[in-house]
Amino acid sequence: MRKVIGLTGSIASGKSTVSNKLKELGYLVIDCDVIGHKLLKKARPGYYPVLEEFGEEILGAGGQIDRKKLGSLVFNNPAQREKLNQILHPLIKKAVLEEIEIIKEGLVFIDCPLLFETDFHKLCDVTVVVYVNMDTQIHRLMERDKIIFPEALKKIYAQMPLDDKLSLADYVIDNCHSLGDLDWQIKQLLFRLERMI
């Protein structure tokens with residue numbers, strides 16, 4: 001039997017760390033960001049619709065879409081961000097479903113930053129949120145992206161509040177402590193999930 005597990009969190013919560021650990025342990029992790037990046041490559045399904053919507057100013061070397069240029073265009077503009085999401089999310093969902101269908105048994109993880117916002121959680125049997133408190137999140141984000149406090153807050157507030165995600169989650173991983181503690185929580189979670197199969 002197959003179980004699909006949705007994995008999400010907020011920016012700088014440590015979702016990628018959890019995702020990488022799951023891969024190290026041999027689990028299949030379908031990464032929605034990676035799929036989204038591939039879809040924007042030249043001649044891939046997302047390339048021409050995005051180019052048509054946002055214009056040639058988003059192009060970089062070799063006629064490829066420059067994701068930084070595209071990101072700066074949509075980040076501070078909710079309407080533009082929504083247009084991009086309307087193009088990419090159905091394509092990402094189709095690709096995710098195709099990957100899930102290949103796996104007939106065991107645990108399959110979907111690493112999706114916008115799991116609840118895009119209704120991707122409806123593809124899942126169980127959802128997991130990686131949690132971190134606001135102070136730790138701000139500190140990690142400033143350090144990771146080399147940005148100042150107001151910029152970090154802006155990035156955090158551009159997303160669905162972490163508390164809202166917590167209320168929708170089946171399981172929560174608390175990533176406020178050490179890597180050793182995080183590893184222990186991941187193993188505990190896997191023990192519970194494996195028993196569901």
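The values are calculated or read from the model by the stated rules, or taken from the named source; none is laboratory data. Not measured: the values here are computed from a predicted model. Neighbour counts are summed over all protein chains in view; Cβ atoms, including those assigned to glycine, are modelled from backbone coordinates with ideal geometry. When the accessible area is computed, the model is the full protein with side chains, heavy atoms only, and any ligands, DNA or RNA have been set aside. Shrake-Rupley method; radii C 1.70, N 1.55, O 1.52, S 1.80 Å.
Side notes on the structure shown:
- Residue-level check: of (1) under 18 Å from Ile156 (Cα atoms); (2) more than 15 Å from the chain's Cα centre (by Cα); (3) polar (S, T, N, Q), Thr8 misses just (2).
- Boolean, Lys165 is part of a helix (DSSP H, G or I) and under 19 Å from Ile110 (Cβ atoms): yes
- Filter pass, Glu151 being over 28 Å from His89 (Cα atoms) and open to solvent by 40 Å² or more (accessible area, probe 1.4 Å): no
- Search result, residues across segment 97-112 that are out of contact with any Cys (no Cβ under 7 Å at 6 or more places or on another chain) and either under 18 Å from Asp33 (Cα atoms) or surrounded by 13 or more Cβ atoms within 10 Å (Cβ to Cβ) (or both): Leu97, Glu98, Glu99, Ile100, Ile103, Gly106, Leu107, Val108, Phe109
- Pair list, Cβ under 6 Å, 6 or more apart: segment 129-143 residue under 17 Å from Leu114 (Cα atoms), other residue open to solvent by 70 Å² or more (accessible area, probe 1.4 Å): Val129/Val172; Tyr131/Val172
- On the stretch given as segment 144-162, residues that are without any contact (Cβ under 8 Å) to a residue 12 or more places away in the chain, of a type in the set (A, V, I, L, M, F, W, C) and outside any helix (DSSP H, G or I) total 2.
- Residue match in segment 124-140 (condition: buried (at least 16 other Cβ atoms within 10 Å of the Cβ), among the aliphatic types (A, V, I, L, M) and assigned to a helix (DSSP H, G or I)): yes
- Answer from Asp181, Asp119 - the residue that is out of contact with any strand residue (DSSP E or B) (no Cβ under 6 Å at 6 or more places or on another chain) and either closer than 15 Å to Leu7 by Cα or open to solvent by less than 20 Å² (accessible area, probe 1.4 Å) (or both): Asp119
- Test: residue in segment 79-94 that is assigned to a loop (DSSP other than H, G, I, E, B) and open to solvent by 20 Å² or more (accessible area, probe 1.4 Å): no
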